[in-house]
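Take a look at the structure set out below.
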Amino acid sequence: MRIASVGTAYPPHRYPQSVITEALRNRWQDRLEEPRILNRLHANCGVEFRNLVFPLDVYENLSGFGPTNDAWIKAAVELGEQAITTALNRVGLTAADISAIFFASVTGISSPTIDARLINLMPFPTSVKRTPIFGLGCVAGAAGISRASDYVRAFPDQYALLLSVELCSLTWQDDDQSIANLISCGLFGDGAAAVVIAGADTPLAQQPTSIQRPCPRVVATRSTFYRNTEHIMGWSIGDSGFKIVLSPDVPKVVNEHLRNNVETFLADNGLTMDRICSYIFHSGGPKVLEAMETSLNLPPNALAPSWKSLREVGNLSAASVLAVMEDYLLNHPGTPGCYSILAAMGPAFCSELVLLQW
């Protein structure tokens, strides 16, 4: 089974970080004890640009969970269709070729879910199996690849599709001037990503050269749950929607657990870290990326594509590691036979590792 393709889609409203910061500071100036702290926090997020689902002046008129969530549904369908179309076109497939859809998001809710709405817009078979995933946050991109890989391991002649749409700007909270919310409003961006996973007996997996670019094989996956860490990251959900829970201990958790998780995972697959040619990591923010580099003692620029994604579009939550994976497929593929680790961490707190071979 292989990651055959990744396609991304971004909203059309693109702003420099400084413009977003200024707009939020003007919007909240009467509620901020020290307005300059917003500039300092946003400048330290490592983000230079972000795409937003609406023009900045529209957000002031969004009020209440219901209208905001309705906006999420409409935009998620539009961006999801764009990302899926790109991913499928890159490998010459159509929606009719997909047997299972996994949908991951943590920035809105819908029933019927976004994947069901897309089935009514695109020629997916009516027999397609659907697995909506909510609540995994940033880890859901890697976890979604793992679950889609589990599916095609059971059905090796089929294709599975993972879609993640995260519209983080729709979770901005006017009544929350906590440090966590101010950082969140400077770190997270909007975007979507779709991944095509090809079962081992499909034409794309058996003849990957037909894709005209390397497509790595999924060798193994590993989920690790860290007990009693639910306070580290997540949402507090109330009348106004999603209020961020974001602890400054996230980098500490990374430093305490990541290396052992990676070494144990590799050892179980007969490998050591010196066999890994690249690390395809979620762009969690400067402190998280630095903790990953330090924990694994990575050489300079080992996470350059992750840092680049953070600068150019911000942290896209579940879609973030998928955007980094797209960059690797298009611009930084591994040499034949070498191994990569794709990884993300998120609410619970937990990690997801995917071992790839090019």
Quiz item: Within the chain, how many Lys pairs sit with Cα atoms under 29 Å apart, leaving out pairs fewer than 8 places apart on the same chain?
Solution: 9
Practice problem: Let me know the longest stretch in the chain that avoids all trypsin sites (Lys or Arg not before Pro) found in a DSSP loop with at most 13 other C-beta atoms within 10 Å. | Solution: 32-226
Practice problem: Arrange the following residues from fewest to most other Cβ atoms within 10 Å of their Cβ: 138, 338. | Solution: 338, 138
Self-check item: For segment 2-206: Kirkwood Rh in Å [reciprocal of mean 1/r, alpha carbons]
Solution: 18.0 Å
Quiz item: For the chain, can you list the cysteines whose C-beta has no other cysteine C-beta under 4.7 Å from it?
Solution: 45, 138, 168, 185, 215, 350
Self-check item: Extension reserve of the residue 268-residue 70 stretch, reckoned as 0.36 nm per residue once the Cα distance is removed
Solution: 66.8 nm
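Helix-only mean residue ellipticity at 222 nm, the chain, DSSP H runs n ≥ 4 weighted -39,500 (n - 2.57), per residue, nearest 500. What is it?
After summing the helix terms and dividing by the residues of the chain, the value is -11500 deg cm²/dmol.
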Practice problem: Along Cα→Cβ, 7 Å out, is where each label goes; now give me the distance between the ones at residue 60 and residue 178 in nm to one decimal. | Solution: 2.7 nm
Self-check item: Alpha-carbon gyration tensor eigenvalues x 5, square-rooted, for the chain, Å
Solution: 32, 24, 17
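Which semi-axes, in whole Å and largest first, does the equivalent ellipsoid of segment 246-306 have when worked out from the alpha carbon gyration tensor as the square roots of 5 times its eigenvalues?
Semi-axis lengths for segment 246-306 are 20, 15, 9 Å.
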Self-check item: Max mean-square fluctuation residue, GNM over the chain, Cα-Cα springs under 10 Å, options 146, 240, 283
Solution: 240
Quiz prompt | P(r), alpha carbons of segment 1-122 - 10 Å bins starting at zero, rounded % | solution = 10, 32, 31, 18, 7, 1
Quiz prompt | Inverse of mean 1/r across different Cα pairs in segment 215-357, Kirkwood, Å | solution = 15.7 Å
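Values quoted throughout were computed directly from the atomic coordinates according to the rules given, and no laboratory measurement underlies them. Note that the structure is a prediction, hence the values are computed from the model and not measured. Glycine gets a Cβ as well: all are built from the backbone with ideal geometry, and neighbour counts include every protein chain shown.
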